[in-house]
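Student: Next up is a structure, given as structure tokens.
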Amino acid sequence: MLALAISSLAGCSSSTSTAPFTGMAWTVDGSNVTATSTRREITGNTVEIVGAFTTSRTRSTGVDIKGLPLAVGTYRIIAPTGAANELFAAYVDVDLNSTSSNGYFSTSGTVTVSSVSSSNISGTFSYVAEDRSSGSTAPPKAITNGRFNMAL
């Protein structure tokens, strides 16, 4: 009887629907992060998407993907060279008390744009970023499970 009751509950459908995810989210150092603020900037046929998360009154982190084509596809994230229209990413960790920050820049990764329209872009991303400060011994950051769904 109990097994029958449990199996019948599993088959029930709920009348409530959940809204699709909007914004940006990712995993870094094993912690799942959902951006508390996002922004985007369109330049020609590319977009820069940024997600920031204020972890406390003293700390903020964020991801930045720049040079993302406004077209469905999977694209390689590279280390920034300064060339025009390159696709690269960054991870930033900011101490809000001292305004010091650690900037990590992509070395490799991918971003997939799964849909794009005149009003929205969505997809997934993952990349590895290194602190390129002179003399830095900070370990690289693995940004995984990234996803975005943002208005254009």
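The values are calculated or read from the model by the stated rules, or taken from the named source; none is laboratory data. A quick note: this is a predicted structure, and the numbers were derived from the prediction, not measured. No Cβ is skipped: glycine too gets one built from the backbone with ideal geometry, and neighbour counts run over all protein chains shown. When the accessible area is computed, the model is the full protein with side chains, heavy atoms only, and any ligands, DNA or RNA have been set aside. Shrake-Rupley method; radii C 1.70, N 1.55, O 1.52, S 1.80 Å.
Student: List every residue pair whose Cβ atoms sit under 7 Å apart, with the two residues 6 or more apart in sequence or on different chains, where the first one lies in the stretch 31-52 and is within 16 Å of Val72 (Cα to Cα) and at pLDDT 90 or above and the second, anywhere, is of a type in the set (Phe, Trp, Tyr) and exposed (fewer than 12 other Cβ atoms within 10 Å of the Cβ).
Tutor: If the second residue must be of a type in the set (Phe, Trp, Tyr) and exposed (fewer than 12 other Cβ atoms within 10 Å of the Cβ), no pairs are left.
Student: A further question on this structure: What do you reckon, is Asp64 at pLDDT 90 or above, open to solvent by 30 Å² or more (accessible area, probe 1.4 Å) and either more than 16 Å from the chain's Cα centre (by Cα) or not aromatic (Phe, Trp, Tyr) (or both)?
Tutor: The answer is yes for Asp64.
Student: Give the residues of the stretch 107-134 that are among the charged types (D, E, K, R) and either within 13 Å of the chain's Cα centre (by Cα) or not in a strand (DSSP E or B) (or both), sorted by residue number.
Tutor: Answer for the stretch 107-134, where residues must be among the charged types (D, E, K, R) and either within 13 Å of the chain's Cα centre (by Cα) or not in a strand (DSSP E or B) (or both): just Arg132.
Student: I'd like the full set of residues that are under 19 Å from Tyr127 (Cβ atoms) and either of a type in the set (S, T, N, Q) or over 21 Å from the mean Cα position of the chain (by Cα) (or both), limited to the stretch 77-105.
Tutor: Matches in the stretch 77-105: Thr81, Gly82, Ala83, Asn85, Ser101, Asn102.
Student: Being in a strand (DSSP E or B) and open to solvent by 50 Å² or more (accessible area, probe 1.4 Å) is the filter here, so list the residues in the stretch 79-106 that pass it.
Tutor: Val92, Ser100, Ser101, Asn102, Phe105
Student: Would you check if Pro139 is assigned to a loop (DSSP other than H, G, I, E, B) and open to solvent by 70 Å² or more (accessible area, probe 1.4 Å)?
Tutor: Yes, satisfied.
Student: I would also like to ask the following. Filter the stretch 107-136 down to the residues that are open to solvent by 20 Å² or more (accessible area, probe 1.4 Å) and β-branched (Val, Ile, Thr), then identify the one that is farthest from Thr38 (Cα to Cα).
Tutor: Thr107
Student: Can you tell me how many residues in the stretch 27-45 are assigned to a strand (DSSP E or B) and open to solvent by less than 30 Å² (accessible area, probe 1.4 Å)?
Tutor: Matching residues across the stretch 27-45 total 3.
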